[in-house]
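Peer 1: Sharing a structure below in structure tokens format, with a few things to ask.
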Amino acid sequence: MKNCYRPGGNRMIWRLVFILFFFLFWTRAYADREVTFYVADNFAPYSFEAEKLPQGIYVSVINEIFSRIENYHPKIEVVPTVRAKEYLRAGRGFAMVPAHKSEGDRNTYSSALLTERIITVCTDDVFDENSRQQWPVDYQGLVVGFRRGDDTNFLGDKAKSLSNKVRVTPTDNVVSNMKKLLSGRIDCYITESLSFLFDLQALGKEGVYDRNLAHPFTKGTDLMTREAYIMFGLGTEEDQQLSHKISVIISEMRKSGFIDDIIASYLRE
């Protein structure tokens, strides 16, 4: 019987096995780490879902940030703001956007991304005899809509005390509020100024109103401005280092005008 044994054969096999395991370990050790970001749903042009993909200003900002950081990549999920906060409190996910600081909270935030401007939008007849410049006193007797899931800091203590005189009602998104306004189901709605412009374009494209005629809406009161931040979850020391890098990059992007350019790109028709 012919002897097929060759000296050194086993050694060659073990060498190949070692190389294979070393390659697998190296690939795993140096592969990009995935970090989960939650962005608010139904908040165009800031964040929304289109064709089952996250879209919007905040999504573009996140992707640009991670194009400047090695060994990490973001996984972006579109969820209601309330749910995003619950996920982070439960230790699930890395961060959420947008988040707005409140007095006394102990959450960890990035540098400010941009300034959101909260306004009222009403039908023209609402302003026939009242300029409606003071919220909420000048809005007594009206039905006012706002986006479901948004924080309600704009209501303020005075509005809460006037709850029987100013009726506020949530809807799913800004477009829903616009359509309710056109149909007369609400008198005004509260929105963010860029959201109003973005969805006004969308309604015009849908043929809901003629964009060549005067807008069927009138801007009312500036209720508040608020800085939007990324809020980070309870993370490890590595997460804290990553959070710091993100804050530095955001400051650079804002100072250079890069974030302004991203915003402008979403308002071009």
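Peer 1: Can you name the residue in region 140-178 that is of a type in the set (Lys, Arg) and modelled with pLDDT under 75 and is also nearest to Ala44 (Cα to Cα) among such residues?
Peer 2: Arg148
Peer 1: Among the residues of region 169-186, count how many are touching a Lys or Arg at 6+ places or on another chain (Cβ under 9 Å) and either in contact (Cβ under 8 Å) with a residue 60 or more places away in the chain or within 16 Å of Thr221 (Cα to Cα) (or both).
Peer 2: So the count comes out to 3.
Peer 1: On to the next question. So which residues in region 225-235 are open to solvent by less than 80 Å² (accessible area, probe 1.4 Å) and either more than 14 Å from Met96 (Cα to Cα) or of a type in the set (A, V, I, L, M) (or both)?
Peer 2: Passing the criteria: Arg226, Glu227, Ala228, Ile230, Met231.
Peer 1: Mind listing whichever residues of region 100-137 are among the polar types (S, T, N, Q) and either assigned to a loop (DSSP other than H, G, I, E, B) or open to solvent by 10 Å² or more (accessible area, probe 1.4 Å) (or both)?
Peer 2: Ser102, Asn107, Thr108, Ser110, Ser111, Thr115, Thr123, Asn130, Ser131, Gln133, Gln134
Peer 1: Looking at Val78, is it modelled with pLDDT of 90 or more, of a type in the set (A, V, I, L, M) and either assigned to a loop (DSSP other than H, G, I, E, B) or open to solvent by 10 Å² or more (accessible area, probe 1.4 Å) (or both)?
Peer 2: yes
Peer 1: Just a yes or no: is a residue in region 196-211 basic (Lys, Arg), surrounded by fewer than 19 Cβ atoms within 10 Å (Cβ to Cβ), out of contact with any strand residue (DSSP E or B) (no Cβ under 6 Å at 6 or more places or on another chain) and modelled with pLDDT of 85 or more?
Peer 2: Checked against the condition, which is being basic (Lys, Arg), surrounded by fewer than 19 Cβ atoms within 10 Å (Cβ to Cβ), out of contact with any strand residue (DSSP E or B) (no Cβ under 6 Å at 6 or more places or on another chain) and modelled with pLDDT of 85 or more, region 196-211 yields no hits at all.
Peer 1: Could I ask something else about it? Name the residues in region 241-269 that are within 30 Å of Cys122 (Cα to Cα) and either at pLDDT 95 or above or of a type outside the set (S, T, N, Q) (or both), would you?
Peer 2: Once the filter is applied, which keeps residues that are within 30 Å of Cys122 (Cα to Cα) and either at pLDDT 95 or above or of a type outside the set (S, T, N, Q) (or both), region 241-269 yields Ile259, Asp260, Asp261, Ile262, Ile263, Ala264, Tyr266, Leu267, Arg268, Glu269.
Each row is one residue, and each column tells you yes or no for (1) at pLDDT below 65; (2) over 14 Å from the mean Cα position of the chain (by Cα); (3) open to solvent by 70 Å² or more (accessible area, probe 1.4 Å).
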position: Phe18; (1), (2), (3): yes, yes, yes
position: Glu34; (1), (2), (3): no, yes, yes
position: Ala40; (1), (2), (3): no, no, no
position: Phe48; (1), (2), (3): no, no, no
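Peer 1: Among the residues of region 180-195, which ones are under 18 Å from Asp125 (Cα atoms) and surrounded by 15 or more Cβ atoms within 10 Å (Cβ to Cβ)?
Peer 2: If the condition is that a residue be under 18 Å from Asp125 (Cα atoms) and surrounded by 15 or more Cβ atoms within 10 Å (Cβ to Cβ), then Lys180, Leu181, Leu182, Ile186, Asp187, Cys188, Tyr189, Ile190 are the ones that fit.
Quick grid of which residues meet (1) free of Cβ contacts under 8 Å to residues at least 40 places away in the same chain; (2) over 17 Å from Glu34 (Cβ atoms):
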position: Lys52; (1), (2): yes, yes
position: Val61; (1), (2): no, yes
position: Asn71; (1), (2): no, no
position: Gly91; (1), (2): no, no
position: Asn107; (1), (2): no, yes
position: Leu114; (1), (2): no, yes
position: Phe146; (1), (2): no, yes
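Peer 1: How about region 221-240: which of its residues are modelled with pLDDT of 95 or more and either of a type in the set (Phe, Trp, Tyr) or more than 18 Å from the chain's Cα centre (by Cα) (or both)?
Peer 2: If the condition is that a residue be modelled with pLDDT of 95 or more and either of a type in the set (Phe, Trp, Tyr) or more than 18 Å from the chain's Cα centre (by Cα) (or both), then Tyr229, Phe232 are the ones that fit.
Peer 1: On the basis of being under 25 Å from Gln241 (Cβ atoms) and either touching a Cys at 6+ places or on another chain (Cβ under 9 Å) or buried (at least 17 other Cβ atoms within 10 Å of the Cβ) (or both), does Val97 make the cut?
Peer 2: Taking the combined requirement at face value, the residue satisfies it.
The values are calculated or read from the model by the stated rules, or taken from the named source; none is laboratory data. Predicted, not measured: the structure shown is a model, and the values here were computed from it. Cβ: placed from backbone, ideal geometry, glycine included. Neighbour counts: every protein chain shown. Side chains included, ligands, DNA and RNA excluded: accessible areas come from the protein's heavy atoms. Shrake-Rupley method; radii C 1.70, N 1.55, O 1.52, S 1.80 Å.
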